[in-house]
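Each reported figure results from applying straightforward, stated rules to the coordinates on display, with no laboratory input. In this text the structure is predicted, and so the values were computed from the model without any measurement. Using ideal geometry, Cβ is built from the backbone for each residue, glycine included, and neighbour counts are taken over all protein chains shown.
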Amino acid sequence: MVRLISSLRQPGRAWIGVLAAMLIASLAGIFTLPVMDRDEARFAQATAQMLETRDFVRISFLDEDRNKKPVGIHWMQLATVSAGEAISGALENRQIWAWRLASTLGAVLAALGTLALGNRLLGHPAGLYAGVLLGASVLLGVESGIAKTDAMLAGLTVWALYALARLRTGPPETAKRWAIALWVLMALGALVKGPVTPMAVALAAIGLALWEQRWNWLRPLAFWPGPVLAALILMPWLISVQIATDGDFLREALGDDLGPKLVTGHESHGGLPGYHILLLSFLFFPAILFLPSGLRAGISAIRSGGEHATAARMLIMMSIPFWIVFELLPTKLPHYVLPAYPALAVFAAWGVMAWGETPALWRWLGAGLMIVAGLVLGAILFFLSHQYDGPVLLASLLAAILIAAAIGAVVLAARSKAGAAVACAVVAGLVWQAAGRGIIAPATSLSPSRDAAALIHAQGWLAPDTALVSSYTEPSLAFALRSDIALMDAEGLAATASDFSAEQLVIVDLSRLPAADSPERERADNFVEGLRSEACAIGEVAGFNYSRGRATSLLIARTGDCTPFQEPGQP
């Protein structure tokens, strides 16, 4: 691995190493990890319904409009799912990897954009170090294998920031071209996740201009083709969806989704300022080893006014203001600050190159954070396996390898072998991705929807004309089975599915029956007993619903004619 990193330090080959690290991290769990609740399942199901209905404007989950995020990621998923359908029937068979490929592409863009940004601001091999460390990082690796917006958002945002860097540091004759590119990338980012990419660029540009008291380098942004192209990218869909939803999209996206996040902990995702800083060591692992050293190098460059002072100011403005915004917002989720990670990765690369000159306090701070993060991440592998019926011995072995690699990176760095330490750190990050997402999590009992769907399909209980109703309401079940599933509470299920002679498949979440002393519980118990006695086929699946934090048991009952349905492609 060390020799490989050394060979990739040649400028023309660096992208190969960055691409390889990102693909290994991304593909580790893309095929094995079941669809996740709740955001991934909702995004994936909405894209599936677009393909089924051929309506590429409205975004719907089952029979309701999903007016929360723009359409960009769904269009990207349409492309990858259509390719997957042509190859292996991905849409019909609900193969989630096809949806996740859009996020993998976004993560690759993020890693390669970080390579370009690092080389632009600090020179080679800063881009190589930054790209591989970001590619192996926990947060980007996780997001690269989940079918939602954040990996693609990170990819578009870092390239927008790179365009901003070219605008600030490039020759005047190229300024208009990079201004146009910046407008296009901001529009694409807005089409994926609303104001986040434009906000990141605006904070960086305005902050840098105020700091340096220089505004003239921003003038090319007024060159008219840039705003026009941005409008042409955004406005056709926005106008179309407003017409299609009778004006509900913007009202609900701004008033019901974005607005509450600005004033309160929306959907129970609250947190105090400092939330993201506390998670940084674990989510930025393994680059956290070099981040303190890099921050120290940046501070020194600004104080001394050296050749990299501009680079330090740009990296600070590309990360810190954006970070502060999300620390102050009351709604917090770990991935919200992901667009700031590429600039932090360049700081980490700076820390690699300046390691020998960095004061011991900063180096030991990075080493301590690295070891603590490695221990915690290793413990998570063991906990998942032990708590949720996974392979405990294998998890213990993989955790030991992860911790050993993290300690090895620290030891190599302490011996001033920074390049070798990067290689060992990258191995630690990739072991986490392969172990956690690729092996351990898929082997646990954390996927009741997967297990229920597997039983239903194996038994041939779901024919095209079979009604499908469930009181297990997690979106992953809808994705795993069919778009016309009716999700409801236990009382609604008892009223809807009371005719046991009808052709229907009934799924009862036994962990969410009404309270034991309520009249509704008696009716629910009678309904369940009726199903058990009159259904022509019964099955039961046990697991853990991590979205609700409780163990669950799903009763699956087939009523009517139980002649097994042979699905297309089955022998």
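Miscellaneous remarks
- The distance between label points at Ala414 and Asp489 comes to 5.8 nm (points 7 Å beyond Cα on the Cα→Cβ vector).
- Ascending count of other beta-carbon atoms within 10 Å, so fewest first, for Tyr546, Tyr341, Tyr388: Tyr546, Tyr388, Tyr341
- Full extension of the segment from Ile16 to Thr563, taken as 0.36 nm per residue of separation minus the current Cα-Cα distance, would add 191.5 nm.
- Rounded to two decimals, the Cα-based Rg/Rh of segment 466-571, with Kirkwood Rh, is 0.97.
- Electrostatic bookkeeping for Ala205 treats Lys and Arg as +1 and Asp and Glu as -1; over the other residues with beta carbon under 14 Å from its beta carbon, the sum is +4.
- Seen against the Cα atoms of the chain and their longest principal axis, helix 360-387 is set at about 10 degrees.
- Counting beta carbons within 10 Å around each of Val372, Val228, Val71 and listing the fewest first gives the order Val228, Val372, Val71.
- Size of charge dipole - segment 2-439 - debye, nearest 20, with Cβ of Lys, Arg +1 and Asp, Glu -1, no other charges: 1600
- Average Cα contact separation per residue, segment 448-559, under 8 Å, 6 or more apart, as relative contact order %: 30
- Figure legend: label point modelled 7 angstrom from the Cα of Thr169 along Cα→Cβ; residues of segment 193-228 with amide N under 20 Å from it are 200-221.
- In plain terms, the chain from Ala404 to Asp63 could stretch by 117.8 nm, reckoned as 0.36 nm per residue minus the Cα-Cα distance.
- Exposure proxy shown here: for Cys562, Cys424, the number of other Cβ atoms within 10 Å sets the order, fewest to most, as Cys562, Cys424.
- Checking every one of the chymotrypsin sites (Phe, Trp or Tyr not before Pro) in segment 159-216 against DSSP loop status and a limit of 12 other Cβ atoms within 10 Å picks out Trp215.
- Added length on full extension, which subtracts the Cα-Cα distance from 0.36 nm per residue, Glu529 to Ala360: 53.9 nm
- Projected area, mean over directions - segment 285-399, Cα convex hull, nm²: 9.1
- The residue list Ile456, Ser471, Ser547 was ranked by how far each Cα lies along the charge dipole of segment 448-559 toward its positive end, using unit charges on Cβ atoms, and Ser547 comes out on top.
- Theoretical FRET efficiency, 1/(1+(r/R0)^6), r = Cβ-Cβ of Glu522 and Phe383, R0 41 Å, to 0.05: 0.60
- Pairs of Lys residues in segment 2-439 that lie 8 or more places apart, or on two chains, and have C-alpha atoms under 28 angstrom apart add up to 15.
- Sorted largest first, the spans of the alpha carbon positions of the chain along the three principal axes are 81, 57, 48 Å.
- Computed Kirkwood radius, in angstrom, where 1/r is averaged over Cα pairs of segment 117-235: 15.2
- Isolated cysteines of the chain, defined as having no other cysteine beta carbon under 4.7 Å away, are Cys424.
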